[in-house]
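The values are calculated or read from the model by the stated rules, or taken from the named source; none is laboratory data. Please read these numbers as outputs of a predicted model, since none were measured by experiment. Glycine also receives a Cβ, built like all others from the backbone with ideal geometry; neighbour counts cover every protein chain displayed. Note: areas computed on protein heavy atoms with side chains; ligands, DNA, RNA excluded. Shrake-Rupley method; radii C 1.70, N 1.55, O 1.52, S 1.80 Å.
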Amino acid sequence: MRLKGRRERSGRASALTVCASAVSLIGLASIGGAVPALAAELSAPQAALYSTVSIFPPSAQRMTVCYGFVCRRREILDFKPGDRAALTKILAAGKASAAAERAAVQKAVIWFDRRMGPVIGTEKRVAKADIRAFDDKHNYDCWDTTRNTTSLLLVLQEWGLFKYHVVGDPHYRGNALVFQTPHNTAVLVDRATKVEWVVDMWPRGYSEPPDVMTVERWVTED
């Protein structure tokens with residue numbers, strides 16, 4: 001793991017791409033790479049989120065926060081006791097039902113946005129940021145938000161804070177035939193119904209609740 005608080009740029013020669021990346025999560029799932037033992041319980045698509053940009057998966061203690069588009073910039077978030085207490089309190093408010101838990105997850109993502117914004121400058125981020133924003137150092141593209149949200153959800157799961165959901169595989173959409181631009185998102189799966197729910201912060205601006213809807217509906221959106 002990188003030293004605490006150290007910012008870094010990826011050594012990859014990845015261009016500043018729009019969120020409409022040509023690489024799908026289906027392709028990611030087939031990409032090999034050295035994944036630490038920490039990722040042993042991750043699915044292949046989850047593990048690929050990290051191996052494809054050469055970062056460690058999250059642990060109960062820390063996660064890598066990606067920004068700058070396709071994780072070109074990174075910051076380590078070490079969870080302090082106060083962070084864990086705040087997130088535990090947020091998720092505790094969602095124990096009544098699956099719907100309440102999803103609403104609590106929205107608040108947890110807002111907590112993350114506010115926690116990291118002043119640290120890495122993403123309090124200036126805008127909704128649906130891509131290369132056209134001309135401000136990669138203050139923004140997330142949808143690859144960044146998918147990685148970050150999945151990481152946060154995996155941490156919450158590791159802490160035992162989910163009663164009704166488990167973290168699912170990230171999902172991808174895009175159909176040029178109907179002018180639907182490519183996009184991807186983190187996913188939660190309802191334990192009882194097996195319905196998949198997206199947790200998508202990319203379409204929303206700083207400190208706004210992420211989109212939470214069924215994958216079935218999300219794949220039809222533009």
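Quick look at the values:
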| item | result |
| --- | --- |
| Region 132-212: trypsin sites (Lys or Arg not before Pro) in DSSP loop, at most 10 other beta carbons within 10 Å | 194 |
| Over 31 Å (Cα to Cα) - which of 107/194; 80/194; 89/124 fall in this group | 80/194 |
| DSSP-loop trypsin sites (Lys or Arg not before Pro) across region 56-131, with at most 15 other Cβ within 10 angstrom | 95 |
| Protein accessible area in region 38-142, 1.4 Å probe - carbon and sulfur % | 56 |
| At most 16 other Cβ within 10 Å, DSSP loop - chymotrypsin sites (Phe, Trp or Tyr not before Pro), region 124-166 | 134, 159 |
| Using θ = phi - 60° and Karplus 6.51 cos²θ - 1.76 cosθ + 1.60, couplings along region 78-85 (whole Hz; Gly, Pro as x) | 8, 6, 8, x, x, 5, 5, 5 |
| Residues with amide H under 5 Å from that of residue 76, placed H, sequence gap 5 or more | 5, 6, 65 |
| In sequence order, calculated HN-Hα J values of region 216-222 (Karplus, 6.51, -1.76, 1.60; Hz; x Gly/Pro) | 4, 6, 4, 5, 9, 7, 10 |
